[in-house]
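> Can you keep this structure in mind? I'll have questions shortly.
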Amino acid sequence: MRAITIGMVGIGQLGLPIATNLLAAGFRVVGYRRRDREAFVGLGGIALSSPAEVATEADFILTCLPSEDAQLDVMEGPQGLLAALRSGHTLIEMGTYERAFKERLAARIESKGARVLEAEVSGSPPLVLARKASLFLGGEPSLIEHCQPVLSAIADLQFRIGEFGSAVAMKLIANYLLTIHTLAAAEALNLGVRAGFSAEKVVEVIRQSAGGSTMFSVRAPMMASRSFQPAPGPLVTLEKYLEMAGALSADLGCASPLFSVAQSYFNRARELGMGEEDIAAVIKLIEADSHARPQSE
């Protein structure tokens with residue numbers, strides 16, 4: 001029986017740890033990226049010259065691209081994926097885009113006789129590599145079952161959200177909370193330090209208390225050690241999710257007092273040139289906005 005070949009288009013910051021997990025599971029993985037392919041090849045991946053060539057060799061095709069423009073760029077043209085798709089292909093779309101865009105693209109893919117599953121990744125690249133991220137899936141249960149060998153090699157935690165296009169909303173809800181929790185972690189750590197505790201003591205105690213959260217456990221140690229670069233979650237990459245989550249909330253008429261404040265802090269951090277630092281660096285703004293402690297008489 002021929003081994004399954006998985007094709008990846010987009011083997012950058014998020015795609016590379018996904019490819020790493022697939023290779024570790026024993027799959028043959030071929031991939032396309034315009035540049036910086038050395039890390040992928042070094043892991044055992046096979047770099048190809050075009051998206052079409054990836055489709056020609058692969059049984060499953062994963063696209064993991066940062067924007068709608070980037071997605072269209074690899075889909076269209078004589079060397080694009082659409083030109084090479086055939087009946088029997090399954091495409092797993094892992095980018096975060098507007099639902100309407102995803103649905104239009106899915107119709108074009110299905111017109112070629114291929115099937116497409118939505119798989120939103122919830123978790124930073126290090127969490128993906130450690131298999132602690134989760135997948136939010138949009139598609140028919142039978143298609144999810146068909147993709148299980150691939151999906152299970154990427155992440156243990158998987159949730160079927162609903163039909164194709166539904167998973168992006170859940171991803172935005174997760175990132176909505178991520179921003180709030182990260183800012184809250186910064187506030188709590190700053191409060192603890194100003195109350196006279198070491199940052200390390202605050203991290204040790206709070207992460208194990210009822211007030212702890214995933215983002216406190218991940219980001220508070222980074223805040224305590226001032227480890228903002230290299231950034232597993234750069235501020236610059238958060239901008240798209242903030243805009244999309246804010247638009248979703250506004251479209252649904254939701255009150256969003258906490259998110260609005262968190263969004264303003266992260267936007268301000270980018271404007272101050274902190275874009276390449278991890279989102280944990282938001283603590284620097286919290287510290288700067290804190291008043292001098294009153295002197296005791």
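> Looking at segment 64-78, can you tell me whether even one residue there is touching a helix residue (DSSP H, G or I) at 6+ places or on another chain (Cβ under 9 Å), of a type outside the set (Asp, Glu) and under 21 Å from Pro149 (Cβ atoms)?
Among the residues of segment 64-78, at least one is touching a helix residue (DSSP H, G or I) at 6+ places or on another chain (Cβ under 9 Å), of a type outside the set (Asp, Glu) and under 21 Å from Pro149 (Cβ atoms), which makes the answer yes.
> Here are some residues: Thr182, Thr237. Which one is surrounded by 19 or more Cβ atoms within 10 Å (Cβ to Cβ) and outside the structural domain of Ser124 (by TED's automatic domain parsing)? If you could, list the steps in order and put the result at the bottom.
On the way: Thr237 fails: surrounded by 19 or more Cβ atoms within 10 Å (Cβ to Cβ).
After ruling out the rest, the residue left standing is Thr182.
> Looking at this structure, is Leu172 more than 27 Å from Ala19 (Cβ to Cβ), among the aliphatic types (A, V, I, L, M) and buried (at least 16 other Cβ atoms within 10 Å of the Cβ)?
Details: more than 27 Å from Ala19 (Cβ to Cβ): no; among the aliphatic types (A, V, I, L, M): yes; buried (at least 16 other Cβ atoms within 10 Å of the Cβ): yes.
Considered against the rule, which asks whether it is more than 27 Å from Ala19 (Cβ to Cβ), among the aliphatic types (A, V, I, L, M) and buried (at least 16 other Cβ atoms within 10 Å of the Cβ), Leu172 comes out as no.
> Something else now. I want to confirm something. Restricting to segment 221-234 and keeping residues that are modelled with pLDDT of 95 or more and of a type in the set (A, V, I, L, M), which single residue is surrounded by the most Cβ atoms within 10 Å (Cβ to Cβ)?
Among those that are modelled with pLDDT of 95 or more and of a type in the set (A, V, I, L, M), it is Met223.
> Related question: Name, by its number, the condition in (1) closer than 16 Å to Ala281 by Cα; (2) part of a loop (DSSP other than H, G, I, E, B) that does not hold for Gln208.
Failing condition for Gln208: (1).
> Could you give every pair whose Cβ atoms fall below 6 Å, whose first residue belongs to segment 150-164 and is closer than 10 Å to Ala119 by Cα, and whose second residue is in a loop (DSSP other than H, G, I, E, B) and modelled with pLDDT of 95 or more, counting only separations of at least 6 or pairs across chains?
Phe164/Gly139
> So, in segment 101-130, exactly how many residues are free of Cβ contacts under 8 Å to residues at least 40 places away in the same chain and either among the small types (Gly, Ala, Ser) or in contact with a Lys or Arg (Cβ under 9 Å, 6 or more places away or on another chain) (or both)?
Total meeting the criteria: 8.
> Among the residues that make up segment 210-218, is at least one of them assigned by TED's automatic domain parsing to the domain that holds Asn175, surrounded by 13 or more Cβ atoms within 10 Å (Cβ to Cβ) and more than 21 Å from the chain's Cα centre (by Cα)?
Step one: of segment 210-218, the residues assigned by TED's automatic domain parsing to the domain that holds Asn175 are 210-218.
Cutting the leftovers down to surrounded by 13 or more Cβ atoms within 10 Å (Cβ to Cβ) gives us 212-218.
Next cut, more than 21 Å from the chain's Cα centre (by Cα) only: 212.
Yes.
> Follow-up question, since we're still on this one. Exactly one of these conditions fails for Leu91: (1) part of a strand (DSSP E or B); (2) at positive phi. Give me its number.
(2)
> Moving to a separate point now. Looking at segment 112-143, which of its residues are over 20 Å from the mean Cα position of the chain (by Cα) and either surrounded by 18 or more Cβ atoms within 10 Å (Cβ to Cβ) or at negative phi (or both)? Can you show your working first?
Filtering segment 112-143 down to residues over 20 Å from the mean Cα position of the chain (by Cα) leaves 112-115, 140-143.
Answer for segment 112-143, where residues must be over 20 Å from the mean Cα position of the chain (by Cα) and either surrounded by 18 or more Cβ atoms within 10 Å (Cβ to Cβ) or at negative phi (or both): Lys112, Ala114, Arg115, Glu140, Pro141, Ser142, Leu143.
To keep it simple, each residue is scored yes or no on (1) within 21 Å of the chain's Cα centre (by Cα); (2) over 25 Å from Gln158 (Cβ atoms).
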residue: Thr5; (1), (2): no, no
residue: Ile18; (1), (2): yes, no
residue: Glu57; (1), (2): no, yes
residue: Leu82; (1), (2): no, yes
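> Which residue, of Asp278, Asp289, is of a type in the set (Asp, Glu) and touching a Leu at 6+ places or on another chain (Cβ under 9 Å)?
Details: Asp289 fails: touching a Leu at 6+ places or on another chain (Cβ under 9 Å).
So the residue among Asp278, Asp289 that is of a type in the set (Asp, Glu) and touching a Leu at 6+ places or on another chain (Cβ under 9 Å) is Asp278.
> Limited to segment 123-149, what total is found for residues that are hydroxyl-bearing (Ser, Thr, Tyr) and closer than 25 Å to Glu103 by Cβ? Break it down into steps so the answer makes sense when it comes.
Of segment 123-149, the ones hydroxyl-bearing (Ser, Thr, Tyr) are 124, 134, 142.
Subsequent filtering for residues that are closer than 25 Å to Glu103 by Cβ retains 134, 142.
Residues flagged as hydroxyl-bearing (Ser, Thr, Tyr) and closer than 25 Å to Glu103 by Cβ within segment 123-149 amount to 2.
The values are calculated or read from the model by the stated rules, or taken from the named source; none is laboratory data. Remember, predicted model here, so these are calculated numbers, not experimental data. Counting neighbours? That spans all protein chains shown, and the Cβs are built from the backbone with ideal geometry, glycine included.
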